[in-house]
Amino acid sequence: MIKNFLILFLTLILFSTSTVAENIRVFEFTDEEFKNLQVKKVKGETKWTLGSNENGAYIKAEAEGVGSGLGKEIEIDLNKTPFINITWKVEKDLSGIIENSKKGHDYAARVFVIKKTGATPLSNRAINYVFSSNNIIDQNWPSPYTKKSIDYVLSTTIDKPNTWVTVKANVKEDFMKLHGLDVDNISGVAIMTDTDNSKLKAISYYQNIYFSDK
């Protein structure tokens, strides 16, 4: 009887362990982390402020005629955790701009995933997951500045204005679909709110960005 119980107990443990989802959080959005994030200025600097709600910490971005990003080098094994999960909200969007043009290439919210493919940053490939103000979900196009970065619409203010939205994307599959690359890992993640081309004002929020196995 004891032997049978132990076998059953071990089986349950193994089953439970194998079915626990694996999550890798990218940003904590704490004061300590905020000091260490890498700032990439395009023109001027987006105003970033930390806050929290019932779902945890978030970062608020405000940009008017400026653009900058916050990022970190982090290696994510896409064979284990291929899905990026993003919770975000756009309070003030950029309706009316042509987002796939140089003059209108701004987004109230975007999350870059970056794969190093050479010795210099110019050789890197990126997918730019965006909260669009003018296009529908699943539309995508190369950046008007470099074909090595692809804009991909995950959310849109057309149907979700000023609303918290949670989205998910399979980054490994997207690199194959958009870049024709079979990648095993990515090298970094960054968030960006920019209006340096359109000169308009955008306000957005980012929360709970992580990778998961399903």
Net charge dipole size for the stretch 22-212 [Lys, Arg +1 and Asp, Glu -1 on Cβ; Debye, nearest 20]: 540 debye
Electrostatic dipole magnitude of the stretch 38-140 [Cβ: Lys, Arg +1; Asp, Glu -1; Cα centre; debye, to 20]: 380 debye
Whichever aspartates and glutamates have a C-alpha closer than 18 Å to that of residue 80, once near sequence neighbours (fewer than 8 apart) are set aside: 22, 173, 174, 182, 184, 213
Farthest positive-ward along the chain dipole, Cα basis, beta-carbon charges - from 27, 171, 121: 121
20 Å Cα-Cα threshold exceeded, pairs from 41/199; 40/168; 89/168; 103/177: 40/168; 103/177
Hydrodynamic radius by Kirkwood, which averages 1/r over all alpha carbon pairs of the stretch 22-212, in angstrom: 16.4 Å
Projected label distance in nm at residue 100 and residue 34, using a 7 Å step from Cα toward the beta-carbon: 3.7 nm
Mean separation of Cα contacts under 8 Å (6+ apart) over length of the chain, as relative contact order %: 34 percent
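Read the figures in this text as sums done on the coordinates, not as results from a lab. Please read all numbers here as calculations on a predicted model, not as lab measurements. Heads up, the Cβs are rebuilt from the backbone with ideal geometry, glycines too, and the neighbour counts pull from every protein chain shown.
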